[in-house]
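Participant: Here it is, the structure in full.
Each value in this text was obtained by applying a stated rule to the coordinates, not by laboratory testing. Values in this document were obtained by computation on a predicted structure and should not be read as measured data. Ideal geometry is used to build each Cβ from the backbone, glycine not excepted, and the neighbour counts take in all protein chains shown.
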Amino acid sequence: MHNISHNSPQHSRLLTSIPKAISSAMFRAFKAEWPLILLVAMLLGTSGYWFFHHFSGMAPYPVSWISRFGNGAFIGYIVALVLTAIPPGLCRATVRWLCIAAASALFVAEGCAFGIWGLHISPALLTLAAETNMQETRLTASLLASSRYFWEVLAALAILLGLYIAVNGRTAIINRRIASFGWRKSARTVAWIFICAITAWGIRSAIVISGIYRSDTSACLERWVVRNDELQEYTDNCSRLLFALQSVNLMKNGKRDWEELQHSFLTQGDAVTSASDSLQVVCIIGESFIRSHSSIYGYPLETNPRLCREAMRGNLVAFADMAAFAKHTSLSLRSILSVNPSGDGNRWNSAISFPSIFRRAGFRVELNDNQLTYASSIWAFSLSAVMLSKTMTQHCYNSLYVPQKHTDDLSFVDSVAARHPVAPHKQLTLYHLKGQHLWPSYPDTPEWNVFSPADIPNPGRPWLDSKRRQQIAGYDNATLFNDSVVSHIISRYRHTEAIVVYLSDHGEEIYDYRDAALRQPPAPGMMQEFLAHQFAIPFFIWMSDLYMQRHPAHANLIRRAALRPGSLADIANTFIGLGGISTPCYNPQRDILSPEFIPAPRLTNLGDTLPQMPMPPVAGPAPHNLHGSHETPNFVMANNGNNTPP
């Protein structure tokens, strides 16, 4: 055996030969399989739907196309490297066409699902497919056969496969033609630029996407989505499938634990109530309500005239500093529904839901939901998996109404009233509204098109052009529409012993303090404004006259608690208190209405601690604190060892 010195010519040749061999293999794979790389890039980076709708108003943005194509091309290049490592023959051809078949299946699935149902390859789509029986499969096949989108997708696939077959059989001829025209050097340079670009982009995407499998719970996966929200819009069909499979797997595990816990409590739990048999506890869950766009909190436009009148009559109390746990619906709602001992909102699958506690205590429980339709996002999927779980639908809800078709909230509330008259016995009723989710929709009539771009105030906001003003006016009109929806619900209970709680699952922003809308990440130096719009929410408690007559002490506690800093992660305890329920799950220190309430640090799903963000209401009597003063109370904070706000 000969030892090769580190400085020997043999060692130098070895060091130079390895990179040459690698670069030669990389270029050889591209040269031999560039038609396959382009085909896979098209099949995984787009869909049959977008293939024909590229120039429609619904087509993805150019950056989305580039990102998806880059991911698809990288996957195609990996396939090309594998193929060139397999000796020519039947085995290589089999692997090639298996890869093409898999990419084609994703291309068709994405195109048909989005064109027909508005779904991407997603957890919801996999769940629908898994739960489809034989009869539903036949109906689905009939629907596909009669849909133009299905035939468009097949036509697009046929075009791509036809082009690939035509070009792939002439790859060697095309390569020689390029060389004969004297373009070999230029073509090689372009090829290397392409190889380097897709490799760098693919490695970056692979590192980010690997976070899917570093998540060991659905909550961790949702936090990953929050941090990589933009990537989810731009990812390829293969990554979408990996994400959907992991989402379903993690949610299945968490949901199993949660359902077992709910079932155990519903059958054996300790919960009794001292409430009268006529008490109506109503929870209205709104959507994307920006607190600063409510006239109850001082917005200059009359976006909440009906609720302001309720406040002036003394029936409605608006809270000054309530915060959401998360800025996504499913994360926030799971924390709202769960009586979480730790108060952090993340351990949703280890906590009892307050509807289960109400049912065990002898209340009827009714759920009316205008959002729980199947959708592509993990938020809609994971929320439906919990709220419409088998345990809840069979053992908790006495009545359940989820519209099969999308409808506006006012029509939805009217449908609920027609289906379910107000019960003559004690009941918990939950309404989940569409609210003002951007971009909001409401009836396009003069009654609701009240605000115009000319009405939008512009001090210190030079970015507000006519388009942005119109969008803000649309949001304010949707807020006015929501005001009517909530007022309609209240009217149902006006002559009963009722208490109605309205809360928004999270906030939103629409060009309020920066040139941004929706739920964008915080900008440098704007964290306070970001938190105030995304996490600070409107929170109202309405009491009927009969409720105030029968419970004057409790009504006074509600008014005196209006300036307390609260969190939706603890609000389940407040509902238990309102129901007069005695249970070991109840923690009065987490009940914002209880004399024993101690404000705790308000954590978000990402682990941040929210500061106090008070915005005292301007409608109705001035709120009082526990000492009868109009000053903001100086509470002693729990768990942080001092008297400073969390």
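Participant: First check a/c for region 418-478, with a ≥ b ≥ c the square roots of the eigenvalues of its C-alpha gyration tensor; if it is under 1.5, answer rounded, and if not, answer prolate when a/b is larger than b/c or oblate otherwise.
Facilitator: Since a/c reaches 1.5 and a/b is larger than b/c, the shape of region 418-478 is classed as prolate.
Participant: Still on this model: For residue 405, go through the aspartates and glutamates and keep the ones whose alpha-carbon is under 14 Å away, minus same-chain ones fewer than eight residues off.
Facilitator: The qualifying aspartates and glutamates are 369.
Participant: According to the square roots a ≥ b ≥ c of the eigenvalues of the Cα gyration tensor, what is the shape class of region 286-372, taking rounded for a/c under 1.5, prolate for a/b larger than b/c otherwise, and oblate for the remainder?
Facilitator: Values: a/c = 2.28, a/b = 1.66, b/c = 1.37.
In terms of gyration-tensor shape, prolate.
Participant: Would you mind calculating the gained length between residue 277 and residue 550 on full extension (0.36 nm times residue separation, minus the Cα-Cα distance), in nm to one decimal? Intermediate values should be presented prior to the final figure.
Facilitator: On the way: separation 273, 0.36 × 273 = 98.28 nm, distance 1.28 nm.
This chain segment gains 97.0 nm when fully extended.
Participant: Enumerate the lysines that residue 327 could reach by cross-link, defined here as Cα to Cα under 17 Å, with residues fewer than 8 away along the same chain left out.
Facilitator: Residue 327 reaches 434.
Participant: Among 517-529, 582-594, 195-207, 428-440, how do they line up by average Cβ neighbours within 10 Å per residue, starting with the highest?
Facilitator: Values: 517-529: 13.0, 582-594: 18.8, 195-207: 15.4, 428-440: 22.3.
The densest-packed peptide leads the list: 428-440, 582-594, 195-207, 517-529.
Participant: Can you compute the FRET efficiency between residue 455 and residue 204 using 1/(1 + (r/R0)^6), with r the Cβ-Cβ distance and R0 = 56 Å? Round to the nearest 0.05. Don't skip to the answer; put the middle values down first.
Facilitator: Numbers: r = 45 Å, r/R0 = 0.80.
Calculated value: 0.80.
Participant: Quick one: if the Förster radius is 41 Å, what FRET efficiency do residue 447 and residue 256 give, using the C-beta to C-beta distance and rounding to 0.05?
Facilitator: Working: r = 47 Å, r/R0 = 1.16.
With a Förster radius of 41 Å, E is 0.30.
Participant: Whole-Hz ³J(HN,Hα) for each residue in region 253-265, computed from phi via Karplus 6.51 cos²θ - 1.76 cosθ + 1.60 with θ = phi - 60°, x for glycine and proline: what do you get?
Facilitator: 5, x, 5, 4, 4, 5, 5, 4, 5, 5, 4, 4, 6
Participant: Follow-up. Using the Cα centre of region 261-342 as the reference point, and only Cβ charges (+1 on K/R, -1 on D/E), how large is the resulting charge dipole? Debye, rounded to the nearest 20.
Facilitator: On the way: 6 positive and 6 negative charges, 48 e Å.
For this selection, approximately 240 debye.
Participant: Another question about this same structure. For region 471-572, just say rounded, prolate or oblate: build the C-alpha gyration tensor, square-root its eigenvalues into a ≥ b ≥ c, call rounded for a/c under 1.5, and beyond that prolate if a/b exceeds b/c, oblate if not. It would help to have the intermediate numbers written out before the result.
Facilitator: Working: a/c = 3.61, a/b = 1.75, b/c = 2.06.
In terms of gyration-tensor shape, oblate.
Participant: If the cut-off is a Cα-Cα distance under 20 Å, which lysines reach residue 390, setting aside same-chain residues fewer than 8 apart in sequence?
Facilitator: Straight-line reach from residue 390, under 20 Å: 252, 255.
Participant: Between residue 97 and residue 177, what is the label-point separation in nm under the 7 Å Cα-to-beta-carbon projection?
Facilitator: Going by the 7 Å Cα→Cβ label model, 2.6 nm.
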